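The values are calculated or read from the model by the stated rules, or taken from the named source; none is laboratory data. Keep in mind that this is a model prediction, so the values were computed, not measured. Note: ideal-geometry Cβ built from the backbone for every residue, glycine included; neighbour counts use all protein chains shown. Areas reflect the complete protein model, heavy atoms only, side chains present, ligands, DNA and RNA absent. Shrake-Rupley method; radii C 1.70, N 1.55, O 1.52, S 1.80 Å.
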Amino acid sequence: MVKVNVGGCNSFVKDAQIGNYLAKALVAFDQLQGEEGAGNDFLGWKHLPSAVLDPASAREGRGYPVPAIPEGTLEACEAVRDAWKAKGVDLVVVVGIGGSYLGARCAVEALSRNFAGLRSDKNAPDVVFAGNNLSEEYIADLLDLAAGRNTACVVISKSGTTTEPAVAFRLLKEFIEKRYSDASERIVAITDAKRGALKTLATQEGYRTFVVPDNVGGRFSVLTPVGLLPIVLAGLDARALLEGALEMEKALSVRSEDNPAVRYAALRNLLYAEAGKKVEVMVTYNPKLQYLGEWWKQLYGESEGKDGKGIFPASVNNTADLHSMGQFIQEGERVLFETVINVEKALANVVIGTDPQNLDQLNYLAGQHVEHCDAMAQLGTKLAHIDGGVPQLEISIEQVDARNLGGLFYFFEFACGVSAYLLGVNPFNQPGVEAYKKNMFALLGKPGYEELAARLKERL
Ligand code: PA5
């Protein structure tokens, strides 16, 4: 179970303020639960865990927005895994960007062993990601890698029209078609049920497809096939992930000041609005969690950064970043607060030994677990940063596993809805993302953008 503590915050804000913001967060909670807030046609994510794990009960007409997830979705993901295993596939390229990328990447990184791709005992294909950049070198290196491997591809785009994945997929499709006679069996598309270029293409080519439900936005889609299929293909436990999310779905449905999502939403908005803390830094202490920060940044950045408002989400992965960003966090502009992901237990057992010569002067650590050093680094940093004027929120999980990660995904999504309503913005749109896209299309010469192209060229 994910636990949220509030250590360190009290010295920066007054108890009365906390009470005030908890009351505001409960109003926002009611908006989210009552489906009265802006963007309320995008609430399908709230019931994804139950819809995937127990579709019959989720459809019992409980008056909440059930996402259109077909029965047997997990089994269908497993069928793709088994079919590709039978073909000997050892490289899966997952093509997607933003919400069609970051959740899957986060889960694959968090749940795989470190150096998974380099291990000789691996029993699942390597899963790599593409379509999240427009780097010619990246795609060239990927095609070069794929040439020496038995390759398959999952292409993900809810709209089916996003440029970055479309470019990468055109190149990968051509590569797969030239190389394999069973090309259409090596490609799976995840997209809208009816609309978009990818849907048309997948239907015409006869690809196996999975659907991103209409009422689930991209950055809230990790518990749909968008996240589940890559997780299953990587040999990871998608069922446990969903079970952890379901546990959290139930826990967060309770209207209470002790609801951790209500507390998190209240405290971050309080620090933002009353203590001048405009930047929230997610802090992790495990390299496997680096992409949790990336996923979370998109979720909160795209959901809250609008109408001239919003906390800027940043992330660091310690202890590495204590040696890069640590100085700024300790002594730079005092606009920061930190949200620390505290992991209680390591899934390994490495003890530091005694060295008779002690030339490195580390014998004082002999007999200690490496994790103990990490815990003391975390504690020391917390105390130092509080002294330096950086409030700390703390979110604890027991260990980095599928169940806890599922709980974290759901926790942050739900808290994001509450927090954005408290802030007074629509969490479920992203109008600002269109500005760069229009300019890019105009500059690339896309038909229909001639007038904008002429205006932009005048400015250059
Ligand atoms: O959260 C979002 O909606 C966005 O980040 C999208 O996921 C991202 O732009 C990719 O869009 P699509 O899946 O339509 O290609």
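Does the range 187-228 hold any residues that are open to solvent by 30 Å² or more (accessible area, probe 1.4 Å), assigned to a strand (DSSP E or B) and closer than 30 Å to residue 418 by Cβ, and which are they?
Result: 211, single match.
From the list 54, 15, 41, which one is within 16 Å of the ligand (Cβ to nearest atom), at pLDDT below 95 and open to solvent by 30 Å² or more (accessible area, probe 1.4 Å)?
41
Pick out the one residue from 363, 349 that is modelled with pLDDT under 95 and open to solvent by 40 Å² or more (accessible area, probe 1.4 Å).
349
Hey, can you tell me all the residues within the range 130-160 that are within 13 Å of the ligand (Cβ to nearest atom) and of a type in the set (Lys, Arg)?
Correct list: 158 only.
Of the numbered conditions (1) buried (at least 22 other Cβ atoms within 10 Å of the Cβ); (2) within 30 Å of residue 89 (Cα to Cα), residue 282 satisfies every one except a single condition; which is it?
(2)
Could you tell me which numbered condition residue 329 fails, if it satisfies all but one of (1) open to solvent by less than 20 Å² (accessible area, probe 1.4 Å); (2) under 22 Å from the mean Cα position of the chain (by Cα)?
Just one mismatch for residue 329, condition (2).
Condition check ((1) over 23 Å from residue 124 (Cα atoms); (2) modelled with pLDDT of 95 or more; (3) within 16 Å of the ligand (Cβ to nearest atom)) across all residues:
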{"position": "177", "(1), (2), (3)": "yes, yes, no"}
{"position": "208", "(1), (2), (3)": "no, yes, no"}
{"position": "213", "(1), (2), (3)": "yes, no, yes"}
{"position": "236", "(1), (2), (3)": "no, yes, no"}
{"position": "247", "(1), (2), (3)": "yes, no, no"}
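Select from the range 148-158 the residues that are of a type in the set (Gly, Ala, Ser) and touching a helix residue (DSSP H, G or I) at 6+ places or on another chain (Cβ under 8 Å) and list them in ascending order.
152, 157
What number of residues in the range 36-45 are touching a residue at least 24 places away in the same chain (Cβ under 8 Å) and more than 16 Å from residue 220 (Cα to Cα)?
Total satisfying the criteria: 1.
Which of the residues spanning the range 271-306 are among the hydrophobic types (A, V, I, L, M, F, W, C), in contact with a Ser or Thr (Cβ under 9 Å, 6 or more places away or on another chain) and more than 16 Å from the ligand (Cβ to nearest atom)?
281, 282, 283, 292
Being more than 16 Å from the ligand (Cβ to nearest atom), assigned to a helix (DSSP H, G or I), open to solvent by less than 10 Å² (accessible area, probe 1.4 Å) and not β-branched (Val, Ile, Thr): is that true of residue 240 here?
no
Residues of the range 228-245 being among the hydrophobic types (A, V, I, L, M, F, W, C) and either touching a strand residue (DSSP E or B) at 6+ places or on another chain (Cβ under 7 Å) or farther than 17 Å from residue 399 by Cα (or both), which ones?
Passing the criteria: 228, 229, 231, 232, 233, 234.
Looking at 232, 226, which one is β-branched (Val, Ile, Thr) and within 16 Å of the ligand (Cβ to nearest atom)?
226
Just the residues that are surrounded by 15 or more Cβ atoms within 10 Å (Cβ to Cβ) and either among the hydroxyl-bearing types (Ser, Thr, Tyr) or in contact with a Pro (Cβ under 6 Å, 6 or more places away or on another chain) (or both), please, taken from the range 109-126.
112 - this is the single residue of the range 109-126 that is surrounded by 15 or more Cβ atoms within 10 Å (Cβ to Cβ) and either among the hydroxyl-bearing types (Ser, Thr, Tyr) or in contact with a Pro (Cβ under 6 Å, 6 or more places away or on another chain) (or both).
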